[in-house]
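Visitor: Sharing a structure below in structure tokens format, with a few things to ask.
The values are calculated or read from the model by the stated rules, or taken from the named source; none is laboratory data. As the structure is a computational prediction, the values presented were derived from the model and not from experiment. Methodologically, a virtual Cβ is constructed for each residue, glycine included, from the backbone with ideal geometry; neighbour enumeration extends over all protein chains shown. Just so you know, the surface numbers come from the protein's heavy atoms only, side chains and all, with ligands and any DNA or RNA stripped out. Shrake-Rupley method; radii C 1.70, N 1.55, O 1.52, S 1.80 Å.
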Amino acid sequence: MTPAAGPYTIAVLHPGAMGVALARALAAPGHHLVGCTQGRSAPTRHRAEAAGLTDLPMDKLAAQADIAISIVAPHAAERVADELLTAGFTGLLIEANAVRPGQMQALATRVHAADGQLVDACIMGPPPTPTAADPTRVYLSGPEPGLATARTLLEQTGWLRVAELGLTIGQASALKLSQSTVQKAGRALALLGHALADRYGLSEHLAREVRRWPNPAANPADFPGVANRAWRWGDELRDAAAELAEAGLPSDLITDAAALFDTLAPFKDATPNLNAIYRSLKDAPDE
């Protein structure tokens with residue numbers, strides 16, 4: 001089990017760009033940083049060494065580490081956690097991977113069965129640095145005492161802005177996937193729009209116009225106005241989808257967006273509240 005107070009032996013799994021930056025942030029006096037690079041590429045081993053991680057085989061890492069921080073590609077999250085547990089880890093696992101809340105809850109069940117603790121974490125922003133004007137944010141959720149331990153550990157770096165979301169495993173994961181929907185899918189839409197505009201030599205005009213807009217996800221209070229106007233946006237987007245298809249570009253995202261606005265069309269001339277809007281989306285047929 002994790003000791004009540006440091007210093008800690010902290011395992012960083014694995015030393016990619018974010019993992020290396022967090023390792024440097026956690027390199028406070030007294031903390032011992034370890035990693036396992038067996039079977040990993042030469043660049044990964046070099047990053048681990050440069051970040052000051054003591055390289056250990058997984059069984060020794062599991063035996064020595066009080067805390068493990070997992071930052072891997074989402075598809076590898078369960079495998080890495082299972083490798084750690086199989087090796088005998090019984091400390092605090094800070095799971096900072098972009099996985100579904102239900103998947104995070106299943107991981108927590110396995111960790112608790114192995115006499116360990118799990119804190120659900122999501123990281124927002126670039127790899128942390130000590131001088132960033134806008135610090136990297138880390139959101140945490142999960143039961144005590146692991147939640148308090150994780151918050152104290154990360155706050156002590158001075159490189160991170162840490163916030164607790166609640167005691168429920170899955171809350172941090174849900175926030176990350178919500179942010180991914182807005183940010184990553186938004187980038188996909190931006191790529192499509194500019195690819196279409198570029199066909200007509202209009203990309204710079206589009207960029208100039210878009211710079212005038214705030215991010216619509218930044219103010220949910222505007223959503224009733226979106227719902228009120230959605231009745232006339234479906235056909236507009238179907239035309240955009242047809243133009244994308246004619247240009248040989250993917251159009252399914254825009255076709256689906258048109259269908260979403262069709263679902264909101266009954267709110268024409270109405271002022272729905274957010275619960276009514278979200279319920280309408282939830283009840284829409286998934287075709």
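Visitor: Determine whether the stretch 171-189 contains at least one residue that is farther than 30 Å from Pro250 by Cβ, open to solvent by less than 30 Å² (accessible area, probe 1.4 Å) and not aliphatic (A, V, I, L, M).
Guide: At the first step, the residues of the stretch 171-189 found to be farther than 30 Å from Pro250 by Cβ are 171-172.
When the remaining residues are screened for being open to solvent by less than 30 Å² (accessible area, probe 1.4 Å), the result is 172.
When the remaining residues are screened for being not aliphatic (A, V, I, L, M), the result is none.
Within the stretch 171-189, not a single residue is farther than 30 Å from Pro250 by Cβ, open to solvent by less than 30 Å² (accessible area, probe 1.4 Å) and not aliphatic (A, V, I, L, M).
Yes/no per residue for (1) under 22 Å from Met104 (Cα atoms); (2) without any contact (Cβ under 8 Å) to a residue 60 or more places away in the chain:
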residue	(1), (2)
Pro127	no, no
Leu140	yes, yes
Gly166	yes, yes
Gln171	yes, no
Ala190	no, yes
Leu202	no, yes
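Visitor: Here are some residues: Asp269, Asp239, Asp262, Asp256. Which one is open to solvent by 40 Å² or more (accessible area, probe 1.4 Å), free of Cβ contacts under 8 Å to residues at least 40 places away in the same chain, farther than 14 Å from Leu196 by Cβ and over 28 Å from the mean Cα position of the chain (by Cα)? Give the steps one after another, and end with the answer.
Guide: Numbers: Asp269 fails: free of Cβ contacts under 8 Å to residues at least 40 places away in the same chain; Asp239 fails: farther than 14 Å from Leu196 by Cβ; Asp256 fails: over 28 Å from the mean Cα position of the chain (by Cα).
Exactly one residue qualifies, and that residue is Asp262.
Visitor: Go through the stretch 102-131 residue by residue and tally those that are under 18 Å from Ile71 (Cβ atoms) and either open to solvent by 40 Å² or more (accessible area, probe 1.4 Å) or not in a strand (DSSP E or B) (or both). Before the answer, list the steps.
Guide: Of all residues in the stretch 102-131, those under 18 Å from Ile71 (Cβ atoms) come to 103-104, 107-108, 111, 116-129.
Among the residues that remain, those that are also either open to solvent by 40 Å² or more (accessible area, probe 1.4 Å) or not in a strand (DSSP E or B) (or both) are: 103-104, 107-108, 111, 116, 125-129.
Looking only at that region, the number is 11.
Visitor: Let me ask another. Which of the residues belonging to the stretch 32-46 are out of contact with any strand residue (DSSP E or B) (no Cβ under 6 Å at 6 or more places or on another chain) and either at pLDDT 85 or above or not charged (D, E, K, R) (or both)?
Guide: Residues of the stretch 32-46 out of contact with any strand residue (DSSP E or B) (no Cβ under 6 Å at 6 or more places or on another chain): 36, 38-46.
Passing the criteria: Cys36, Gln38, Gly39, Ser41, Ala42, Pro43, Thr44, Arg45, His46.
Visitor: For residues that are out of contact with any Cys (no Cβ under 7 Å at 6 or more places or on another chain) and either in contact (Cβ under 8 Å) with a residue 40 or more places away in the chain or aliphatic (A, V, I, L, M) (or both), tally how many sit in the stretch 173-188. First the steps, then the outcome.
Guide: Taking the stretch 173-188 as the starting set, the residues that turn out to be out of contact with any Cys (no Cβ under 7 Å at 6 or more places or on another chain) are 174, 177-188.
Now narrow it down to the ones that are either in contact (Cβ under 8 Å) with a residue 40 or more places away in the chain or aliphatic (A, V, I, L, M) (or both): 174, 177, 179-180, 182, 185, 188.
Number of matching residues: 7.
Visitor: If a residue has to be surrounded by fewer than 24 Cβ atoms within 10 Å (Cβ to Cβ), more than 14 Å from the chain's Cα centre (by Cα) and either under 17 Å from Gly142 (Cβ atoms) or of a type in the set (Lys, Arg) (or both) to count, how many in the stretch 82-101 make the cut?
Guide: The qualifying residues number 2.
Visitor: I need a count of the residues in the stretch 261-282 that are among the basic types (Lys, Arg) and in a helix (DSSP H, G or I). I'd like the intermediate steps shown before the answer.
Guide: Filtering the stretch 261-282 for residues among the basic types (Lys, Arg) gives 268, 279, 282.
Those still in the list that are in a helix (DSSP H, G or I) too: 279, 282.
Counting residues in the stretch 261-282 that are among the basic types (Lys, Arg) and in a helix (DSSP H, G or I) gives 2.
Visitor: Follow-up question, since we're still on this one. Run Ala98 past the list (1) modelled with pLDDT of 95 or more; (2) under 19 Å from Ala174 (Cα atoms) and report the number of the one that doesn't hold.
Guide: (1)
Visitor: Which one of these does Thr149 not meet: (1) assigned to a helix (DSSP H, G or I); (2) free of Cβ contacts under 8 Å to residues at least 40 places away in the same chain; (3) farther than 24 Å from Ala73 by Cβ?
Guide: All conditions pass for Thr149, except number (2).
Visitor: Mind checking which residues of the stretch 74-96 are of a type in the set (A, V, I, L, M) and either in contact with a Ser or Thr (Cβ under 6 Å, 6 or more places away or on another chain) or under 23 Å from Arg151 (Cα atoms) (or both)?
Guide: Just the residues of the stretch 74-96 that are of a type in the set (A, V, I, L, M), to begin with: 76-77, 80-81, 84-85, 87, 92-94, 96.
Once the filter is applied, which keeps residues that are of a type in the set (A, V, I, L, M) and either in contact with a Ser or Thr (Cβ under 6 Å, 6 or more places away or on another chain) or under 23 Å from Arg151 (Cα atoms) (or both), the stretch 74-96 yields Ala77, Val80, Ala81, Leu84, Leu85, Leu92, Leu93, Ile94, Ala96.
Visitor: Looking at (1) among the polar types (S, T, N, Q); (2) assigned to a helix (DSSP H, G or I); (3) touching a Ser or Thr at 6+ places or on another chain (Cβ under 8 Å), which one does Thr168 not meet, given that it meets all the others?
Guide: Unmet for Thr168, out of (1) among the polar types (S, T, N, Q); (2) assigned to a helix (DSSP H, G or I); (3) touching a Ser or Thr at 6+ places or on another chain (Cβ under 8 Å): (2).
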